[in-house]
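To keep things clear, I will list the structure first and then write my remarks on it.
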Amino acid sequence: MQTITTLESLRSSVDELRKTGSIALVPTMGALHQGHLTLIREAAKLADHVAASIFVNPRQFGPGEDLDAYPRQLAEDSAKLEAEGVALLWAPGAETMYPQGYSTNISVSGVSSGLCGGDRPGHFDGVATVVCKLFNQVRPDIAVFGEKDWQQLAVIRRMARDLDLVLPNGDAILGVPTVREADGLAMSSRNAYLSAKDRAAAATLPRAMQEAIARIVDGQEVAPALAMLEDELLGAGFTSVDYAEMRDADSIGLLNANNGNARLFIAARIGGTRLIDNIAVE
């Protein structure tokens, strides 16, 4: 596996890979877990070569968020990627991604409104900007993301379509179902922040979501079903619920009734850690 930190080396390496087949990109911020490795394995099924990126993107963290605390373990992550047969690891520094005088920002309206877009102002601008740069740098045929960050996936697809990106185009940006722990909790690098007590309580999140979905599918109105969900989480030890909403899977528009294409989205805090999840309403 090649580990590359400069744009000049990246471009020449990508050109060489292209001579022998297609490239799939898996963008990450590192601290890799089985969810990330599942994305790598799916990417390997879809292209001749897999490229991964590791970059903790400062532009998607707001004031007071966990940029400084976010786990960085490049050596360990590199070993995991190499074991999966990744051909190229792009691991730029902040000065490479955002050189002196950098002043360009990409903002995607509509799908970035509400949910994490509302709770974390500027977050999806940072996501869209860095992902567009990664696409232009690596020029992958396809890109693979996890569905746990469903709104992020919608933002990236919209950005690619609106900017007429060729590599990858909007239809070549693929989502992989959320990988979960045995108790249902969605895998996340931030799960490492949880104490043993909070980690046990966190399992309430997916279970309570499934119960709320069952109530909605059985005909209960959305508002009381979600109020019961919030109460259950707070009773289990969560300190707050940032949002618990049902939205259209494509437009991310707010729904008050199941339209057959709905997903339940949630963000909740426990022990100082913010957990997000989403599940289809079916």
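The values are calculated or read from the model by the stated rules, or taken from the named source; none is laboratory data. Here the structure is a predicted model, which means the values were calculated and not measured. As a convention, Cβ positions derive from the backbone with ideal geometry for all residues, glycine included, and neighbour counts pool all protein chains shown.
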Inset, instruction - Tell me which residues, restricted to the range 130-146, are in a helix (DSSP H, G or I) and closer than 14 Å to ARG157 by Cβ. - result: VAL131, CYS132, PHE135
Legend entry - Condition check for GLY219: under 16 Å from the mean Cα position of the chain (by Cα) and of a type outside the set (A, V, I, L, M): no
Legend entry - Residue list for the range 77-101, filter: over 22 Å from ASP15 (Cβ atoms), acidic (Asp, Glu) and surrounded by 13 or more Cβ atoms within 10 Å (Cβ to Cβ): ASP77, GLU84
Inset, instruction - Would you check if there is a residue in the range 62-74 being without any contact (Cβ under 8 Å) to a residue 12 or more places away in the chain and either more than 30 Å from VAL241 (Cβ to Cβ) or touching a strand residue (DSSP E or B) at 6+ places or on another chain (Cβ under 6 Å) (or both)? - result: no
Inset, instruction - Give the residue, chosen from PRO206, PRO168, that is assigned by TED's automatic domain parsing to the domain that holds LYS45, in contact with a strand residue (DSSP E or B) (Cβ under 9 Å, 6 or more places away or on another chain) and either of a type in the set (Val, Ile, Thr) or crowded, with 19+ Cβ neighbours inside 10 Å (or both). - result: PRO168
Legend entry - Number of the exception - ARG157 against (1) assigned to a loop (DSSP other than H, G, I, E, B); (2) within 15 Å of the chain's Cα centre (by Cα): (1)
Inset, instruction - Report yes if some residue within the range 148-156 is free of Cβ contacts under 8 Å to residues at least 24 places away in the same chain, surrounded by 15 or more Cβ atoms within 10 Å (Cβ to Cβ) and either assigned by TED's automatic domain parsing to the domain that holds ILE266 or over 21 Å from HIS49 (Cβ atoms) (or both); otherwise report no. - result: yes
Legend entry - Residue tally, condition acidic (Asp, Glu) and touching a residue at least 60 places away in the same chain (Cβ under 8 Å), over the range 13-29: 0
Inset, instruction - Determine the pairs where a residue that is outside the structural domain of ALA47 (by TED's automatic domain parsing) and among the hydroxyl-bearing types (Ser, Thr, Tyr), located within the range 86-98, has a partner that is at pLDDT 95 or above and surrounded by 18 or more Cβ atoms within 10 Å (Cβ to Cβ) with Cβ atoms under 7 Å apart, the partner being 6 or more residues away or on another chain. - result: none
Inset, instruction - Answer yes if at least one residue in the range 115-127 is closer than 18 Å to THR38 by Cα, buried (at least 22 other Cβ atoms within 10 Å of the Cβ) and touching a strand residue (DSSP E or B) at 6+ places or on another chain (Cβ under 7 Å), and no otherwise. - result: no
Legend entry - Residue list for the range 238-261, restricted to those being of a type outside the set (Ser, Thr, Tyr) and free of Cβ contacts under 8 Å to residues at least 40 places away in the same chain: PHE238, VAL241, ALA244, MET246, ASP248, GLY253, LEU255, ASN256, ALA257, ASN259, GLY260, ASN261
Legend entry - Test: ILE23 is in contact with a Cys (Cβ under 7 Å, 6 or more places away or on another chain) and either farther than 24 Å from LEU275 by Cα or buried (at least 19 other Cβ atoms within 10 Å of the Cβ) (or both): no
